[in-house]
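Just below is one structure, and these are the notes that go with it.
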Amino acid sequence: MLAFIAPGQGAQTPGMLTPWIAKPEALELLKAWSAEIDLDLVRLGTTADADEIKDTANAQPLIVATGLIAANLLGVSAPVISGHSVGEITAAAVAKVISEFDAMRFVNDRANAMA
């Protein structure tokens, strides 16, 4: 059995989106989500340092976006989908309970409230 498990805050690392943005579809999604939530996910996931992505307001949207990009590009279709902490938002979007754009808006609001 295959399971998709999305990580929570603390899973972020500098440059974590760098390998993914080589795929044009990933870059386009990231740009669209960035515009939707007014946060530069591409920069945060490629060139921002550890301190900047440690900030809850940046970390949580970055983690959810990375999980969604991975699920999209890997074609995740798992019978079991789960998430830890903020990863629950990723899991809900991968399971199609909420849209990816709703997930990004929700995580951005959540992250800013928590920060």
Residues Ala26, Ala32: which one is within 14 Å of the chain's Cα centre (by Cα), at pLDDT 95 or above and farther than 20 Å from Phe106 by Cβ? Ala26
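Can Ile69 be described as part of a helix (DSSP H, G or I), under 27 Å from Met1 (Cα atoms), in contact (Cβ under 8 Å) with a residue 40 or more places away in the chain and β-branched (Val, Ile, Thr)?
Numbers: part of a helix (DSSP H, G or I): yes; under 27 Å from Met1 (Cα atoms): yes; in contact (Cβ under 8 Å) with a residue 40 or more places away in the chain: yes; β-branched (Val, Ile, Thr): yes.
Answer is yes for this residue.
Those residues that are open to solvent by less than 60 Å² (accessible area, probe 1.4 Å) and more than 20 Å from Arg43 (Cα to Cα), I need them from the range 91-115; list them, please. Break it down stepwise before answering.
Of the residues in the range 91-115, the ones open to solvent by less than 60 Å² (accessible area, probe 1.4 Å) are 91-95, 98-100, 103-104, 107-108, 111.
Result: Ala91, Ala92, Ala93, Val94, Ala95, Ile98, Ser99.
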Note on Ile63: of the conditions (1) within 14 Å of the chain's Cα centre (by Cα); (2) among the hydrophobic types (A, V, I, L, M, F, W, C); (3) modelled with pLDDT under 95, unmet is (3)
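On the basis of being touching a residue at least 40 places away in the same chain (Cβ under 8 Å), more than 17 Å from Ala3 (Cβ to Cβ) and under 14 Å from the mean Cα position of the chain (by Cα), does Arg110 make the cut?
Details: touching a residue at least 40 places away in the same chain (Cβ under 8 Å): yes; more than 17 Å from Ala3 (Cβ to Cβ): yes; under 14 Å from the mean Cα position of the chain (by Cα): yes.
Yes.
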Looking only at residues in the range 77-90 that are outside any helix (DSSP H, G or I), β-branched (Val, Ile, Thr) and touching a helix residue (DSSP H, G or I) at 6+ places or on another chain (Cβ under 6 Å), which one is surrounded by the most Cβ atoms within 10 Å (Cβ to Cβ)? Val86
Please verify whether Gln60 is within 18 Å of Asn108 (Cβ to Cβ) and in a helix (DSSP H, G or I), treating the condition exactly as stated. yes
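The values are calculated or read from the model by the stated rules, or taken from the named source; none is laboratory data. A quick note: this is a predicted structure, and the numbers were derived from the prediction, not measured. When we count neighbours, we look across all protein chains shown, and the Cβ atoms used for this are built from the backbone with ideal geometry, even at glycine. Accessible surface is based on the protein model in full, side chains and every heavy atom, while ligands, DNA and RNA are left aside. Shrake-Rupley method; radii C 1.70, N 1.55, O 1.52, S 1.80 Å.
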